[in-house]
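Enquirer: Before I ask anything, here is the structure I am working with.
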Amino acid sequence: MKRIVVLLSGNGSNLQAIIDSINNGNINGRIVGVISNNIEAFGLKRAQKENINTITINHLDYENRQAFDDALLKKLAILAPDLIVLAGFMRILTSKITDYFNGKIINIHPSLLPLYPGLHTHQKVIDNNDEKHGISIHYVSSELDAGPLIAQGNFNVGEIKDKELLEEKIHKIEHLMLPLVIQYICIGTIYLDVKSNNVVFKNLDVINGSIQKNYEI
Ligand code: GAR
């Protein structure tokens, strides 16, 4: 069983999707810890309800990013994860963490990267009249919302000008794709070849080096 640690800052609906998949036997792994920088994060409650070990490291208690990452690294090292999932974790990690766990951290981001790293992705899609919107799952490097791409799920925006509606659709896709990618990683069907920094996919259909799915939602 792969040891999974989830890092989050908020609602934790993606954590819930992972928990549900584990409980349904669709992920061969277990969550050995949920860590949040936000003591108020609802995701912590979701974890506690499942008796999952939760840890809060309030970033406001630390002088700078490096000090916060030192504390985070200590906790992570004890948990000894095979896989760290950033599921709505709204902090930039320094290279101390991304180097230490190179090839073991994945992030989910609500845009079709490299479009719109950072915040307010739904608004940017509306402002730019984009035809498509979607989600990306990638291995994490020290650059914000960057690193080798694993999977993207997209949908046609059509006439939607409502941020909340876009977000709702994004969540639906995230909750389908993130557990699937985690399972592929847990069973070794997807991994990062750290020497070449390329994602390896065993017997999976990829387009230009990543899984690409279109959703009619
Ligand atoms: C998700 O949409 C995720 O893609 C996004 O935060 C949301 C968290 O939702 N992540 C980022 O923006 C990271 N740059 P959740 O707390 O309900 O899982």
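Enquirer: Name the residue, out of I173, I150, that is farther than 27 Å from S196 by Cβ and among the aliphatic types (A, V, I, L, M). If you could, list the steps in order and put the result at the bottom.
Expert: Numbers: I150 fails: farther than 27 Å from S196 by Cβ.
Only one candidate passes the filter, namely I173.
Enquirer: Quick one: in region 74-133, which of the residues that are on the phi > 0 side of the Ramachandran plot and free of Cβ contacts under 8 Å to residues at least 60 places away in the same chain is surrounded by the most Cβ atoms within 10 Å (Cβ to Cβ)? Walk me through how you get there before you give the answer.
Expert: Taking region 74-133 first, the residues on the phi > 0 side of the Ramachandran plot are 80, 88, 103, 116, 118, 120, 129.
If we keep only those that are free of Cβ contacts under 8 Å to residues at least 60 places away in the same chain as well, we get 116, 118, 120, 129.
On the way: Y116: 21, G118: 11, H120: 13, N129: 8.
The extreme case among them is Y116.
Enquirer: When residues of region 127-148 are filtered for being of a type in the set (V, I, T) and in contact with a His (Cβ under 9 Å, 6 or more places away or on another chain), how many remain?
Expert: Going through region 127-148 one residue at a time, the tally reaches 2.
So that you can scan it fast, the table gives a plain yes or no per residue for (1) more than 9 Å from the ligand (Cβ to nearest atom); (2) in contact with a Phe, Trp or Tyr (Cβ under 7 Å, 6 or more places away or on another chain):
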position	(1), (2)
V125	yes, no
D130	yes, no
I135	no, no
S141	yes, no
P148	yes, yes
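Enquirer: When both residues are 6+ apart or on different chains and their Cβ atoms are under 7 Å apart, which pairs have a first residue that lies in region 1-16 and is without any contact (Cβ under 8 Å) to a residue 12 or more places away in the chain and surrounded by 18 or more Cβ atoms within 10 Å (Cβ to Cβ), and a second that is part of a loop (DSSP other than H, G, I, E, B) and of a type outside the set (D, E, K, R)?
Expert: Here the result reads none, with nothing in region 1-16 linked to a residue that is part of a loop (DSSP other than H, G, I, E, B) and of a type outside the set (D, E, K, R).
Enquirer: Report yes if I190 is more than 13 Å from the ligand (Cβ to nearest atom), buried (at least 21 other Cβ atoms within 10 Å of the Cβ) and of a type in the set (A, V, I, L, M), otherwise no.
Expert: Working: more than 13 Å from the ligand (Cβ to nearest atom): yes; buried (at least 21 other Cβ atoms within 10 Å of the Cβ): yes; of a type in the set (A, V, I, L, M): yes.
It is true that I190 is more than 13 Å from the ligand (Cβ to nearest atom), buried (at least 21 other Cβ atoms within 10 Å of the Cβ) and of a type in the set (A, V, I, L, M).
Enquirer: I97 passes all but one of (1) assigned to a helix (DSSP H, G or I); (2) hydrophobic (A, V, I, L, M, F, W, C); (3) farther than 27 Å from F42 by Cβ; which number fails?
Expert: Going through the list (1) assigned to a helix (DSSP H, G or I); (2) hydrophobic (A, V, I, L, M, F, W, C); (3) farther than 27 Å from F42 by Cβ, I97 breaks only (3).
Enquirer: Does S142 fit the bill of being modelled with pLDDT under 95 and outside any strand (DSSP E or B)?
Expert: Details: modelled with pLDDT under 95: yes; outside any strand (DSSP E or B): yes.
Taking the combined requirement at face value, the residue satisfies it.
Enquirer: Would you be able to say whether some residue in region 27-37 is under 25 Å from K169 (Cβ atoms), within 13 Å of the ligand (Cβ to nearest atom) and not hydroxyl-bearing (S, T, Y)?
Expert: No, region 27-37 contains no residue that is under 25 Å from K169 (Cβ atoms), within 13 Å of the ligand (Cβ to nearest atom) and not hydroxyl-bearing (S, T, Y).
Enquirer: Kindly list the number of the only condition in (1) without any contact (Cβ under 8 Å) to a residue 60 or more places away in the chain; (2) within 15 Å of the ligand (Cβ to nearest atom); (3) within 14 Å of K213 (Cα to Cα) that fails for E164.
Expert: Of the numbered conditions (1) without any contact (Cβ under 8 Å) to a residue 60 or more places away in the chain; (2) within 15 Å of the ligand (Cβ to nearest atom); (3) within 14 Å of K213 (Cα to Cα), the odd one out for E164 is (3).
The values are calculated or read from the model by the stated rules, or taken from the named source; none is laboratory data. If you're wondering where the values come from, they're calculated on a predicted model, not measured in any experiment. Please note: Cβ atoms are built from the backbone with ideal geometry, for glycine as well, and neighbour counts cover all protein chains shown.
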